[in-house]
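Right, one structure below, let's go through it.
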Amino acid sequence: MAFRNCDPNQDSSVFRGSSRYFIGELEFNESTGQTIGTETHYNYSNLDGSGVSECHVTYDISGFYEAASALFLLDARRSSQSAGCEQAFIDANYPEFTSYTLQVSFKSGGNVEVLRADSGETVGVGTWYEGSVSYKTQETCELY
């Protein structure tokens, strides 16, 4: 199995590497600002030479939505991981608790761009519905 975002003209399964992306889903009350959701990080790797393995890590999210500035102030707690995840990998890449602020930039047709409020860096793109937003990051590929 080749990594999905590496060069499609080349069999990337012969390389050691990893492919990653994550999906966030938030539900919020526009009146109170109360926010809950999940963020799941997906990792595919062939680092050990035995084929591609999948590891996903999920965070439970709680926080506050500030409607006037379209900011989400979020706390995330690592809540689960797939059986294929090595603990050393989890410990090195996914803290048990983290906090961050997301800024939502509204686009046409209910689409959004989600940014890190502190840096302006794009996190991902997604959709906005009344009381919810979902987004997906761009998949990255690292060959070793």
Revision key, fill the gap. Listed with the fewest Cβ neighbours within 10 Å leading, H41, H56 appear as H56, H41
Review point. What is the local net charge at G24, summed over the other residues whose Cβ is closer than 10 Å to its Cβ (Lys, Arg +1; Asp, Glu -1)?
Key: -1
Practice item. Determine the relative contact order of segment 54-115: mean sequence separation of Cα pairs under 8 Å and six or more apart, normalised by residue count, in whole percent. Key: 32 percent
Exercise for review: Run the quick spin-label model on E113 and F97: label points 7 Å from Cα toward the beta carbon, then report their separation in nm to one decimal.
Suggested key: 3.4 nm
Practice item. Excluding E113 itself, calculate the net charge of residues whose Cβ lies under 13 Å from the Cβ of E113, where each Lys or Arg counts +1 and each Asp or Glu counts -1. Key: +2
Check your understanding: If you stretched the chain out fully between E142 and T122, how much longer would it get, using 0.36 nm times the residue separation minus the C-alpha to C-alpha distance?
Key -> 5.3 nm
Point to revise | Burial order of peptide ranges 66-74, 17-25 (average beta-carbon count within 10 Å, highest first) | key: 17-25, 66-74
**Study point:** Calculated FRET efficiency for the pair Q87/S132, C-beta based, R₀ 25 Å, to 0.05
**Key:** 0.15
Check your understanding: Any idea what the alpha-carbon Rg over 2.2 N^0.38 Å comes to for segment 12-143?
Key -> 1.14
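Every number in this text was worked out from the coordinates using simple rules, so none of it is lab data. It should be emphasised that the depicted structure is a prediction, and the values quoted were computed from it without experimental measurement. In this analysis, Cβ positions are derived from the backbone assuming ideal geometry, glycine residues included, and neighbour counts consider all displayed protein chains.
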